[in-house]
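The values are calculated or read from the model by the stated rules, or taken from the named source; none is laboratory data. A quick note: this is a predicted structure, and the numbers were derived from the prediction, not measured. We place every Cβ from the backbone using ideal geometry, glycine too, and count neighbours over all the protein chains shown. Each accessible area value is taken on the protein alone, full model and side chains, heavy atoms only, with ligands, DNA and RNA left out. Shrake-Rupley method; radii C 1.70, N 1.55, O 1.52, S 1.80 Å.
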Amino acid sequence: MNPAAETIGVERIGRVAVVTLSRPPVNALDDTLVARLDAILDQIVNDDEVTVLHIRSDQKAFCAGADLALMRSSFAAADGPEAMLKVVTRMQWLFERIEASPLVALAEIGGAALGGGLELALACDIRVAASEAKLGLPEVGLGLVPGAGGTQRLTRLCGRGVANRLILGAEVIDGAQAERLGLVQWARPREQLADWTRDLAAKIAVLPRAAVAEAKRCIAAQGDPTQDGFAEELAATRRLYHHPETRRRVSEFLNRNATQSHSKETL
């Protein structure tokens, strides 16, 4: 078996693709893990029967960031910094692909999500954390910055004040605090997290993928000064009016309501 394949598990549950990070001890990010995630994303995006990408971990940590062994070897070599920069660039590209995908990306944060691990979660549309989990972007403590999208996504998500607090202060918070700050949408006790998140994924998965993808594009347009979000809504509405799944759902809804109205009239 390809060793890279053993670091990530993939399971289909209905219209949910469950991607489980499994690189002991903390799912540290290196070239191999990033490349494997990228290849899995290719497969899932091209599968029209998948609506939700559910990213989770079977380790104590969700993902504790960049691989320390890789950083150590990189800083020991003359060309090491450039090699490390290439890894961060690949991480940034992967996270952008997740964010822009037509899927609802759901991060189940059962343990520590630090540095690149939190940046991975920030690229997802929905985040659910264990109340006890530790989340943070502590890179400035090492003389670095969160370079895989952390400064941009955290600021867009929570505002400059929260971003300043967490990034400039290298602060690590728990899942309950993260929920209060808007960093995650929900926090749940760790023992409830897996079942709760699985149920959430199943609820979202029954929604039509085309509508989900169009809604994501419209939401993203709000923060893009080069796009007119209102025009994007109209364009998306036009496309969906012609989509077979939309027409089927709307017809069923109208017929159901017509039947109910007729029943009331005959009572």
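Taking all protein chains as present, what is the carbon and sulfur share of the accessible area of the chain, in % to the nearest whole number, probe 1.4 Å? Please list the in-between numbers first.
Details: 8090 of 14290 Å².
Solvent-exposed carbon and sulfur of the chain make up 57 percent of the total.
To one decimal place, what orientation-averaged projected area in nm² is obtained for the convex hull of the Cα set of the range 1-140? Can you show the working numbers first?
Numbers: hull surface 34.7 nm².
Hull-based average projected area comes out at 8.7 nm².
Among 7-15, 186-194, how do they line up from the highest to the lowest mean number of other beta-carbon atoms within 10 Å? Each step should come with its number before you reach the end.
Numbers: 7-15: 14.7, 186-194: 16.4.
Packing proxy ranking, top to bottom: 186-194, 7-15.
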Task: Cα-based reach from residue 134 at 14 Å (exclusive), listing aspartates and glutamates while leaving out same-chain residues under 8 positions away - done: 108, 119, 171, 174, 179
TODO: Let me know the Rg and Dmax you get for the chain when you use only its Cα atoms, in Å.
DONE: 20.6, 85
- [ ] Would you calculate the separation in nanometres between label points at residue 151 and residue 202, each defined as 7 Å from the Cα along the Cα-to-beta-carbon direction?
- [x] 4.3 nm
- [ ] Could you work out which residue, out of 31, 47, 58, moves most in a Gaussian network model of the chain, that is, has the largest mean-square fluctuation with Cα springs under 10 Å?
- [x] 47
Task: Most mobile of 138, 102, 225 in a GNM of the chain (Cα contacts under 10 Å) - done: 225
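On average, how much accessible surface per residue is there in the range 52-91, in Å², for a 1.4 Å probe, leaving out ligands, DNA and RNA?
Numbers: 2210 Å² over 40 residues.
About 55 Å² of surface per residue is accessible.
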